[in-house]
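Q: I have a structure here, written as structure tokens, and I will follow up with some questions on it.
Nothing in this text is a laboratory measurement; each read-out follows from the coordinates by a stated rule. Just so we're clear, the structure is a prediction, and the values are computed from it rather than from any experiment. Note that each Cβ is placed from the backbone with ideal geometry, even for glycine, and that neighbours are counted across all protein chains shown.
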């Protein structure tokens, strides 16, 4: 996937307000109900646990999707976007470094 497309998709998925959409579907403006916050906790309070869990999972998947796109695109692709061509050795080194960072992040997240 082209890095610019990955960035655009990550931005678009991050801008989806699932709590607001759930409130709108339930006929409630969550900004004026409960704590007034557009988050899963307020959805739990105002709309109930089933919808709260759905909003929580949707937000979690949205974050996981953005993180996966960020980790999978090596940091040097920004350099590619501005037109500089990298040698195979530079590209391989950048990919190995991005995978090292991804594994380190996964170990920190998944470790007990």
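Q: What ranking do 22-33, 39-50 get when scored by the average of other Cβ atoms within 10 Å per residue, highest first?
A: Result, highest mean first: 39-50, 22-33.
Q: Also: Rounded, prolate or oblate: which one fits the range 1-73, using the alpha carbon gyration tensor with axes a ≥ b ≥ c (rounded when a/c is under 1.5, else prolate when a/b beats b/c, else oblate)?
A: The shape class here is prolate.
Q: Would you mind getting me the FRET efficiency between residue 106 and residue 9? Use the beta-carbon distance for r and R0 = 25 Å, nearest 0.05.
A: 0.75
Q: Let me ask you something else. So how much slack lies between residue 33 and residue 61, counting 0.36 nm per residue of separation and subtracting their Cα-Cα distance, in nm?
A: Working it through step by step, the gained length comes to 7.6 nm.
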